[in-house]
1. What tally of residues in region 115-150 results from selecting those that are free of Cβ contacts under 8 Å to residues at least 40 places away in the same chain, touching a helix residue (DSSP H, G or I) at 6+ places or on another chain (Cβ under 6 Å) and either closer than 19 Å to Ala200 by Cα or open to solvent by less than 30 Å² (accessible area, probe 1.4 Å) (or both)?
2. Being in contact with a Pro (Cβ under 7 Å, 6 or more places away or on another chain), open to solvent by 10 Å² or more (accessible area, probe 1.4 Å) and modelled with pLDDT of 95 or more is the requirement here; does Asn198 meet it?
3. Residue under question is Ile172, and the condition is that it be closer than 25 Å to His223 by Cβ, surrounded by 15 or more Cβ atoms within 10 Å (Cβ to Cβ) and at pLDDT below 95; does it hold?
4. Could you check region 201-241 and list, in sequence order, the residues that are part of a strand (DSSP E or B), touching a Gly at 6+ places or on another chain (Cβ under 6 Å) and open to solvent by 10 Å² or more (accessible area, probe 1.4 Å)?
5. Do the conditions hold for Lys67, that is, is it within 29 Å of Glu42 (Cα to Cα), touching a residue at least 40 places away in the same chain (Cβ under 8 Å) and in a helix (DSSP H, G or I)?
6. Would you mind telling me which numbered condition in (1) among the polar types (S, T, N, Q); (2) touching an Asp or Glu at 6+ places or on another chain (Cβ under 9 Å); (3) open to solvent by less than 60 Å² (accessible area, probe 1.4 Å) Gln153 fails?
Amino acid sequence: MPMIMKKFLPLALSFSLLAGASQSIAEDKSVEKQDTVSVQEETLSPFVELYTSQSCPRCPKANERFKEFALEQDIIAVTFPVDIWDYMGWKDTFAQEEFTARQKAINTHMGRRGPYTPQAVFNGEKHCSAVKKKPMERRLKDTRNARDEIKVQYDGAELSIAGNDKPLEVWIVDYTPGDTFETPKSGNNSNKTMLYHNRAIDLASAGTVEKSGGILQANCQDHCAIVFQEPAHGKVIGAIKYPNS
């Protein structure tokens, strides 16, 4: 090997090692930056639920009113189709037993004999018919909301909660964002096209976080609302949505 090549070979090797080390450090910083950006503190919003049925004569109009109300307010709003009127001859195509069970449990907590449709529920505390917006606006105003009491961080899978002064149940509500439609083939709304705004498609418990806070696994399928609620379907402290834009 020529003498000049022997002279510069160690130097070239040193530059190569330094370049490799710099690239590795840059990649590590990039991963660290991505991890930091993916987890951010969330602000809780009031959670408003609409319980509706394809066999309910007043529900088609109420579903539309609920959408108008939701778009005008700083809330997280989800429509839950229920099966409480299926015995009338038409089986609701979107209803799930879990949604019906939640509605019944919330009504029990509110001291009601039973659920009804179209029922709007505000943070698990107040309720009214969803046919007219004015009563819904009053109920929302009357709803107590302690959403500033707790701090929440969420990355789509892992949920961190702190600052809560009591145990909280955590519920994951997967929903289809925006509008979907269905046309019952018989029953009270036969051949009427019904609108659903942010229609729930799944409901699951992520568990209970104790008074001292903690970390829970809460996997979001696509779009979801994560609801923080006092035990036994009590008062809703607030909710976040994911993704949050």
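The values are calculated or read from the model by the stated rules, or taken from the named source; none is laboratory data. None of the values given here were measured: they were computed from a predicted structure. Here the Cβ is made from the backbone with ideal geometry for all residues, glycine too, and neighbour counts use every protein chain on show. Heavy atoms of the whole protein, side chains included, go into the accessibility calculation; ligands, DNA and RNA do not. Shrake-Rupley method; radii C 1.70, N 1.55, O 1.52, S 1.80 Å.
1. Of the residues in that region, 1 qualify.
2. Details: in contact with a Pro (Cβ under 7 Å, 6 or more places away or on another chain): yes; open to solvent by 10 Å² or more (accessible area, probe 1.4 Å): yes; modelled with pLDDT of 95 or more: yes.
So Asn198 passes the test.
3. Numbers: closer than 25 Å to His223 by Cβ: yes; surrounded by 15 or more Cβ atoms within 10 Å (Cβ to Cβ): yes; at pLDDT below 95: no.
In short, no.
4. Leu216 - this is the single residue of region 201-241 that is part of a strand (DSSP E or B), touching a Gly at 6+ places or on another chain (Cβ under 6 Å) and open to solvent by 10 Å² or more (accessible area, probe 1.4 Å).
5. Numbers: within 29 Å of Glu42 (Cα to Cα): yes; touching a residue at least 40 places away in the same chain (Cβ under 8 Å): yes; in a helix (DSSP H, G or I): yes.
Yes.
6. The one condition Gln153 does not meet is (3).
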